[in-house]
Amino acid sequence: MRRELERVEIPGEHEARERTLAVVRAAFAEREPLPRRRRRLRPVLALALAGAALAGAASAPGRSVLGGVRDALLPVRVERAQPALFTLPASGRLLASSSAGVWVVEADGSKRLLAGYREGSWSPFGRYVVAARRNELAALEPDGTVRWTLARPRVRFPRWTGTPTDTRIAYLSGSRLHVVAGDGTDDVDAGGLPAAAPVAPAWRSRPPGARTLAYVDTRGRVSSYEPVGGAEVFRTPRLPDPRALAWSPNGTLAIATRAGVVVYAGGRRIAERRVTGVVAVAFAPDGSRLAVLRRNELLLYRPRLRTPRRLFAGGGRLAGLAWSPDGRWLLAGWPTADQLLFVRAAGRQRIVAVSNVAAQFRSSSFPRIEGWCCAP
C-alpha cells in the first residue's frame, strides 16, 4: 500500500517542489561568500533546510517535497560555480550550438566557433563535425575547414556513424529521412518508410560497422531500419509522443515519451518506467547505465529501469545531456540558472557548475549540448 501511495502524484506537487528548490537555491546563492572550510558546510545546509521547511509548511504539496530538497542538497558535493568554462573534467571535446553557430570546446576550455550553423554532431572518432544550416548539410574539420556541402531543403538533426573507412550520416530534410555517405556522395531518401517526426534519429554504432538506424515517424511509432538494403528490422506500436532515442552498445534501444521511458531489445519491449517530463535519454559508453533527464532532475538507471539513483534536482528547467567518453561524468544544461552542470556518475558523487554560459557562447538563448566526443 505504501508503494502504491508513493506513486500517486499529488496535485501541485511538482510546482511546489520547483518553488521550494528555487527559493532555497536563490537564498544559498545570495549568501555572503566565506572561505571554503568543511566545518562551515553543515550550518549552511542547516539554514537551507530550515528555509525549505518554512516554505514547505505553507502547503500540503510543499510539505511533500521536503524529502526531495533534503536529497538534492545533502548527499552531493557541489563545487562553487565557476564563472567560466576553464577546463573539462574529463578528456574529449564538447560540441554545442548557440545562436552564433556551432562551437567546438577543447579539454582546456578553448573554443572555436563554426559560424552560421545552427546544429551539428561529431563524426564517430571526433575527426570531423557534420553541421546544418536551414538548407545545407556540411562536413567540416574542427578548425572550421569545410570538406563538402550538400544543398537540401529544411535540414535538421544530422547524425554520423561508421568505421574509420566507411561512414554514414543520417538527417531529416523536411519530413523525409535521408542517409548520405561520409564523403557527401550517394545521398538517399528512405523512400519506402513513413514520414519522419521532428525527432533526432539515432544510430546503433556498435559493434563497429553496425548500420542500424532508429527514427520516429509522424504516427508516433519508432522504426529500426537498415539503410544498406532498406530492410526494416522492427517497428514499435504507436507510443505517446516519442521525443528522444538512444542505443546502447549491446543493441537495446531506449525511447523517451510523454509518459516515461521504454526499452526495446530485438523488437521486444523489455522494460518500462512511467515518469513524466522526460526530455532526454543517453546510455553510458559501456551500456551499463541509462541517464534520464527530466524537466528538473537527472536520474541514473540500470537498463532494466529499476530504482533510479538521483544525481541532481534543481528549480526550473534542465535541457541537454551527454556522457564523457570515459563514462565517468555526465553533462547537463540548466537554462534557468544559465549554468552547465558536470555531474560525476562514477565514484563519489560531485557536481561542478559553470555559470554565465549564454554569454560565453555569444548566444541570445541557452546553448544546446550536441555531444561530448573522444579526444582527437
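The values are calculated or read from the model by the stated rules, or taken from the named source; none is laboratory data. These numbers were taken from a predicted model, which means no experiment stands behind them. With ligands, DNA and RNA removed, areas are computed over all heavy atoms of the protein, side chains included. Shrake-Rupley method; radii C 1.70, N 1.55, O 1.52, S 1.80 Å.
Close amide H contacts of residue 176 (hydrogens built in the peptide plane, cut-off under 5 Å, sequence separation of 5 or more or a different chain): 196. Close amide-amide hydrogen proximity is noted between residue 119 and 132, each under 5 Å apart and 5 or more residues distant or on a separate chain (H modeled in the peptide plane; Pro and chain starts excluded). Here's how it looks for residue 114: its modeled amide H is under 5 Å from those of 102, 103, 104, which are all 5 or more places away or on a different chain.
Converting phi to 3J(HN,Hα) with the Karplus coefficients 6.51, -1.76 and 1.60 and the offset θ = phi - 60°, segment 336-351 yields 4, 9, 6, 9, 9, 10, 9, 10, 6, 9, 10, x, 5, 5, 7, 10 Hz in sequence order, with x at every glycine or proline.
At the residue level, residue 167 shows approximately 30 square angstrom of accessible surface with a 1.4 angstrom probe and all protein chains present. Sequence-ordered 3J(HN,Hα) estimates for segment 222-229 from the Karplus curve with 6.51, -1.76 and 1.60 and θ = phi - 60° stand at 10, 10, 9, 9, 9, x, 7, x Hz, glycine and proline given as x.
Along segment 174-187 the Karplus relation, 6.51 cos²θ - 1.76 cosθ + 1.60 evaluated at θ = phi - 60°, assigns HN-Hα couplings of x, 9, 9, 7, 10, 9, 10, 5, x, 9, x, 9, 6, 6 Hz to successive residues, with x for each Gly and Pro.
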